[in-house]
Amino acid sequence: MLIVYLVIALMIMLGLVVFFKLNVAISLVIASLFMGIASGLGLVGTIEGISDGFAGMMRDLGIPIGLGVILGKLISDSGGAYSIAHAIVKKTSEKLALYSIGLAAFVLAIPVFFDVAFLILVPLAVQIGKQLNKSLPYPVGAIIIGAALSHTLVPPTPNPLAAASILEFDLGLMILVGTIVGFIATLLTIKMYFWFLDKGFWKKETDEDATVENPYGNLDIPENPPSAWLALIPIILPSIMILLGSVGNVIFEENPEIITFLSDRIIALLIGALAAYLVAAKTLNKEQRDASSSEAMQATGIVLLITGAGGAFGAIIQGTGIDQAILDIFVSDAQSTLSIILLSFFMGVLFRTITGSGTVAGITTMTIMAGVVAGTDVQPVWVAMASLSGGLMLGHVNDSGFWITTKIAGLTVKGGLKTYTTSEALAGIIVLLITLIGAHIF
């Protein structure tokens, strides 16, 4: 019956989002109320579970997510993100130029959101595509693949940042695995996607919108922006600090207090945000930097609300004991690793396809799987990778990212499905395959 109640709760959440267009966070809270009451937690117990789950998630992630968004906004507004992208492309040969655009997108989408990275890169990418005599989907697809993978897998973006807290493993491990897997998957996915294009997958007459007058938007780059190396400091510094704690856990029986302090996600991202303020000072005055930070915090609000509501839903699920029921029904002793990884992946695909939100897909799936993985020998980071790769799959017309890339690049809906949806689906499958290998080796 717990499984039945969970299915009904998920149907309630998805129905409220899809048919009634209700806010995802509110829908998650309503689904949590049903799940708790139906499962016998009681009225007061359900409310306490929701409050505790939300509070616990915000305790771990509220400040880090906010600092991460401020960091990215300052790098973007100062022109530093454009400098990074231009430098990466400039350092590669003509033969590898389109791959370098994908890698530039991968780097940029670590601190900034997917849509911002796309807007920064698309004018540069289209120009390079023309120089190489390559049709529009080559540079556009490369950007989508690189930006989607790092935004999905590499902290400090919300989903991978939440993964370590939800599944209770080291954040440094998420940074390390997410970066390595994401980098490999970017190159492999671009290669595979280009193979499809070479085989005649793209039809300009039906896939590009000739009525769009200015398909690539306008990007205002401040004069004399920070250099690429300078702009990379706020991105690299927090990662090094967090990884310092992971290394210390290997070297020391117990980390010295100073290492524990410096490697804490709040301190690391605080240092990164302060570094971004200093870097942005090259082109932005104090008022402009304050305005940039304020805009970042406004954008953070909905992300925090969804993340916290996902934590509340997770707390209710764990309070009912359903994690053990899922383990007993879906995961056999002989194939526990394979079953858990595939279950995580396909749940992520389901939530992403229906809701259109990778954040909702990843966080909901990981909260459901948190108790399941605790009872197995599977390394939690691979459950996170499977959940997140599932949440990367099948973004389509109910996804804001689909419309941003489609309209900015001057594509038809069919063209958007052939770029955004197809390239992300390929990326999700490749990450899943890497995850299955990694989960059986490590």
#### Entry: Two-site FRET efficiency, ILE236 against LYS130, from Cβ-Cβ distance with R₀ of 35 Å, rounded to 0.05
0.60
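Expressed in nm to one decimal, what extension gain is obtained for the pair GLU205 and GLN288 from 0.36 nm per residue of sequence separation less their Cα-Cα distance? Display every interim value, and only then the final one.
Values: separation 83, 0.36 × 83 = 29.88 nm, distance 4.35 nm.
This chain segment gains 25.5 nm when fully extended.
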### Task
Would you work out which of LEU124, LEU22, ILE368 lies farthest towards the positive end of the dipole of the chain? Charges go on Cβ: Lys and Arg +1, Asp and Glu -1.
LEU124
### Query
Of all trypsin sites (Lys or Arg not before Pro) in segment 268-300, which ones are in loop regions per DSSP and have a Cβ with at most 14 other Cβ atoms within 10 Å?
none
### Rounded Å value of the spacing that divides the Cα centres of segment 295-323 and segment 415-429
27
### Message
What do you get for the angle between helix 228-251 and the principal long axis of the chain? Use alpha-carbon atoms, 0 to 90 degrees, nearest ten.
### Response
30
### Task
For segment 162-213 and segment 93-134, compute the distance between their C-alpha centroids and round to whole Å.
12
### log10 of Debye I(q)/I(0), alpha-carbon scatterers only, for segment 225-302 at 0.12, 0.23 Å⁻¹
-0.44, -1.01
### Task
For LEU278 and TRP403, compute 0.36 nm times the residue count separating them, minus their Cα-Cα distance, and round to one decimal in nm.
41.6 nm
#### Entry: Unit charges at the beta carbon, dipole of the chain: most positive-side option, PHE351, VAL279, ILE144
ILE144
### Query
At q = 0.14 Å⁻¹, what log₁₀ I(q)/I(0) does a Debye calculation on the Cα points of the chain give, no solvent, two decimals?
-1.33
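From the C-alpha gyration tensor of segment 1-159, pull out the three semi-axes of the equivalent ellipsoid (sqrt of 5λ each), sorted largest to smallest, in whole Å. Could the numbers behind the result be given before it?
Working: eigenvalues 366, 68, 26 Å².
In descending order, the three semi-axes are 43, 18, 11 Å.
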### Task
Can you tell me the 0 to 90 degree angle between the C-alpha axis of helix 422-441 and the longest principal axis of the chain, rounded to 10?
50
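Which links in LYS90/LYS418; LYS134/LYS282; LYS21/LYS203; LYS95/LYS203; LYS130/LYS418 stretch past 30 Å when you go from one Cα to the other? Don't jump to the answer; show the numbers that get you there.
Values: LYS90/LYS418 28 Å; LYS134/LYS282 36 Å; LYS21/LYS203 34 Å; LYS95/LYS203 23 Å; LYS130/LYS418 20 Å.
Cα-Cα > 30 Å for LYS134/LYS282; LYS21/LYS203; rest within.
With a sphere of radius 15 Å drawn around the Cβ of SER263, what net charge do the other residues whose Cβ falls strictly inside it have (Lys, Arg +1; Asp, Glu -1)? Show your work: numbers first, answer last.
Working: positive: ARG265; negative: ASP60, ASP170, GLU254, GLU257, ASP264.
Result for the neighbourhood of SER263: -4.
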### Message
Could you check the spin-label model distance between PHE196 and VAL44? Points 7 Å from the Cα along Cα→Cβ, value in nm.
### Response
5.5
### Query
How far, in degrees from 0 to 90, does helix 171-198 lean away from the longest principal axis of the Cα atoms of the chain, to the nearest 10?
50
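Test of understanding: what is the full-extension gain from ASN23 to LYS95, defined as 0.36 nm times their sequence separation minus their Cα-Cα distance?
Values: separation 72, 0.36 × 72 = 25.92 nm, distance 4.55 nm.
Roughly 21.4 nm would be gained on extension.
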### Query
What accessible area per residue, rounded to a whole number of Å², is obtained for the chain using a probe radius of 1.4 Å?
42
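Highest mean first, how do 226-232, 384-390, 292-298 rank when packing is the count of other Cβ atoms within 10 Å averaged over residues?
Working: 226-232: 19.4, 384-390: 30.7, 292-298: 16.1.
Ranked from most to least packed, the peptides come out as 384-390, 226-232, 292-298.
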#### Entry: Residue among GLY200, GLY45, GLY358 with the largest mean-square fluctuation in a Gaussian network model of the chain, springs linking Cα atoms under 10 Å
GLY200
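Helix-derived [θ] at 222 nm for the chain: sum -39500 (n - 2.57) over DSSP H runs of at least 4, divide by residue count, nearest 500?
Helix contribution divided over all residues of the chain: -25500 deg cm²/dmol.
Of the accessible area of the chain, with the probe set at 1.4 angstrom, what percent is carbon plus sulfur?
Numbers: 12230 of 18660 Å².
That fraction is 66 percent.
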#### Entry: 20 Å cut-off, amide nitrogen to a point 7 angstrom out along GLU254 Cα→Cβ, residues in segment 141-179
170
### Query
Taking amide hydrogens as modeled 1.01 Å from N in the peptide plane, which residues meet the under 5 Å criterion relative to GLU208, leaving out close sequence neighbours?
THR412
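So, with +1 on the Cβ of K and R and -1 on the Cβ of D and E, and no other charges, what is the size of the charge dipole of the chain about its Cα centre, to the nearest 20 debye?
With Lys and Arg at +1 and Asp and Glu at -1, about 1260 debye.
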### Message
As a test of the definition: which semi-axes, in Å, follow for segment 90-130 when you take the square root of five times each eigenvalue of its alpha carbon gyration tensor? Largest first, please.
### Response
19, 12, 6
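The values are calculated or read from the model by the stated rules, or taken from the named source; none is laboratory data. Bear in mind that the values here come from a model prediction, so they are computed numbers and not experimental data. Neighbour counts are summed over all protein chains in view; Cβ atoms, including those assigned to glycine, are modelled from backbone coordinates with ideal geometry. When the accessible area is computed, the model is the full protein with side chains, heavy atoms only, and any ligands, DNA or RNA have been set aside. Shrake-Rupley method; radii C 1.70, N 1.55, O 1.52, S 1.80 Å.
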